[in-house]
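A short worksheet on the structure shown next.
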Amino acid sequence: MSDLNKLTLVESLLGIKQKKFNPKEIFSDCLKRIKDIDKKIFSFVTTNNLPMSGIPFAVKDVLSTKGLKTTASSKILDNYIPPFDATVVEKLKKAGSAVIGKTNCDAFAFGASTENSGFGPTKNPWDLTRVAGGSSGGSAAAVAADECIFALGTDTGGSIRQPASFCGISGLKPTYGVCSRYGLLAMASSLDCPGPMGKTVEDCEVIFNLMRGEDEKDATTKTGSHKDPPLLKLRRTTVGLPKEFFSDGIDNEVKDSVKEAAKLLEKNGIFFEEVSLPHTEFCVPVYYVIVSSEISSNMARYTGARFGHERKLFEEEVKRRIMLGTYSLSAGYFDEFYLKASKVRRLILDDYQKAFKKVDLLLGPVLPNVAFKIGEKTSDPLKMYLEDILTTGANLAGIPGLALPCGFSGENLPVGMQILGPHFSENLIFDLGKKYQSLTDWHKKRPNI
Amino acid sequence: MNKLTKQEVDHIGGLTNLELTDIEVEKFSTQLTKILDFVEKISSVDTGNISPLTQTTGSKNVFREDAVKESLTQKEALSNTASSYMGLFKVKQVLEK
């Protein structure tokens, strides 16, 4: 067989079981694909060039990999080799997967386009003049371009869902604490979530179930209360469409694709109603205060003494966020910024909890637009921050969200939608996602590269 | 409106040990002022009796036994440093003699 790199994870597992091919052959085909096309899209910062006997997966470069360079896509860590694996990486290795390489991202995952990477932007496999999204842009592009079977990303304000949406793949931001953060180079500790990025929702579910679980090395992990909600077929399921997610600021072709998806699901037995998340407009300002504050504290560890280089080599966006966070935590401004933002954060969680009393899940676009041009938003940081308007709410509330493709724009760029649910409702979210993918084939489309 | 002056940017740059260049100080003064101006819209939200939220899934004081366990070896812990001395990290002098 050839082109084993095109397989989904579920197809790979089945073929291995039936002895049609072995994991090493899949690994070799993926390496060949990387050699052939990665110079065009730049998904990988580092590759593992020895074919391994495991299903090849790509790991965002902020997750530690034992013996394999982990740079956070920042020049400050361009020589750092972790002596240990992140818990989520270790779990996947134990389950029979092998790391094929480390994927490009915005430096330390600060950004929404990978343009903040210290090594250059990842290009969107659907259109090389556009961004792959971010911050997990390399992981999304690697999956979309069949350079690996699946990938890991991290989502602090949308960094899994946004690039998944721009590249036409599926990706889950889990409930906060369900997947261990141990070995993740911390960005904002109350928001960071490692999660799966795959070719289908079904693949994401398999990966998620291997990744999740309590970890004594991360005291915030919490799965003890993870009660499996009844599956779709066993219940009447109502999905809310938040009216703020369909407002004037959202491109029509994005809104139309998501509405079409809702219509299709409605025809197939899912109930829909409009709901409201009235504090949506405050998500981005609250997020940037909290994220910068936590960043300024987390980034203090990079002194150049134990690993890496001097702080003056931080990329511009890293410096900007450290500055903003230090200011908003400083005496005289703490109440006005950090404390105020933390209070509004509670109102944002309240919005979601009220909505989930009426409906089981929520559905909406991931972003207001499809993938934008490289360089289009780099001159104005605020413009880039506004990309996060529909994604940051799930992080601030700690709830899970699944991005999956639901159509294409007039310029043949993928459009994505997200399914959000209450804390620990991943199973129900996957169920709805799988139902949608059984009715459509958007997720089967691949870029011609 | 919170105007972040160049002096303030310079001061924060010192606190954060970022060694900002003059060009960066100038740029950040303008950009951070604009960002602060934008985030200030949160002040319009009534949060009178609302308590701050920092933990979303309800975890509180998670404890584990304080037991000695296997950890990195000294060699592994020092494997990424540019400067070590007799099995220790060697850092710049902090206190004056």
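The values are calculated or read from the model by the stated rules, or taken from the named source; none is laboratory data. Everything numeric here is computed off the predicted structure, so don't read it as measured data. Note: ideal-geometry Cβ built from the backbone for every residue, glycine included; neighbour counts use all protein chains shown. The area values use the complete protein model at the heavy-atom level, side chains included, leaving out ligands, DNA and RNA. Shrake-Rupley method; radii C 1.70, N 1.55, O 1.52, S 1.80 Å.
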Close pairs from the range A:142-162: first open to solvent by 10 Å² or more (accessible area, probe 1.4 Å), partner among the polar types (S, T, N, Q) and modelled with pLDDT under 95, Cβ under 8 Å, at least 6 apart: none
Members of the range A:1-41 that are assigned to a loop (DSSP other than H, G, I, E, B) and in contact (Cβ under 8 Å) with a residue 24 or more places away in the chain: A:MET1, A:SER2, A:ASP3, A:LEU7, A:THR8, A:ASN22
B:GLU65 loosely packed, with under 11 Cβ neighbours inside 10 Å and more than 7 Å from chain A (Cβ to nearest Cβ): yes
Residue in the range A:289-300 that is in a helix (DSSP H, G or I), touching a residue at least 12 places away in the same chain (Cβ under 8 Å) and surrounded by fewer than 22 Cβ atoms within 10 Å (Cβ to Cβ) present: yes
Residue list for the range A:321-335, filter: more than 7 Å from chain B (Cβ to nearest Cβ) and surrounded by 13 or more Cβ atoms within 10 Å (Cβ to Cβ): A:ARG321, A:GLY325, A:SER328, A:LEU329, A:SER330, A:TYR333, A:PHE334
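Yes/no per residue for (1) modelled with pLDDT of 95 or more; (2) open to solvent by less than 10 Å² (accessible area, probe 1.4 Å); (3) over 30 Å from A:PHE408 (Cα atoms); (4) over 19 Å from the mean Cα position of the chain (by Cα):
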residue: A:VAL45; (1), (2), (3), (4): yes, no, no, no
residue: A:PRO51; (1), (2), (3), (4): no, no, yes, yes
residue: A:GLY67; (1), (2), (3), (4): yes, no, yes, yes
residue: A:TYR80; (1), (2), (3), (4): yes, no, yes, yes
residue: A:ALA98; (1), (2), (3), (4): yes, yes, yes, yes
residue: A:PHE110; (1), (2), (3), (4): yes, yes, no, no
residue: A:ALA140; (1), (2), (3), (4): yes, yes, no, no
Matching residues, the range B:21-53, being at the interface with chain A (Cβ under 7 Å from one of its Cβ atoms) and among the hydrophobic types (A, V, I, L, M, F, W, C): B:PHE28, B:LEU32, B:ILE35, B:PHE38, B:VAL39, B:ILE42, B:VAL45, B:ILE50, B:LEU53
Leading residue by the ranking (farthest from the other protein chains (Cβ to nearest Cβ)) among those in the range A:301-318 that are assigned to a helix (DSSP H, G or I) and either open to solvent by 40 Å² or more (accessible area, probe 1.4 Å) or β-branched (Val, Ile, Thr) (or both): A:ARG301
In the range A:189-204, the residues that are open to solvent by 10 Å² or more (accessible area, probe 1.4 Å) and over 12 Å from A:VAL143 (Cα atoms): A:SER189, A:SER190, A:GLU202
Among (1) in a loop (DSSP other than H, G, I, E, B); (2) buried (at least 24 other Cβ atoms within 10 Å of the Cβ); (3) of a type in the set (Phe, Trp, Tyr) - the single one A:TYR182 does not satisfy: (2)
Odd one out for A:LEU339, checked against (1) open to solvent by 10 Å² or more (accessible area, probe 1.4 Å); (2) touching a residue at least 40 places away in the same chain (Cβ under 8 Å): (2)
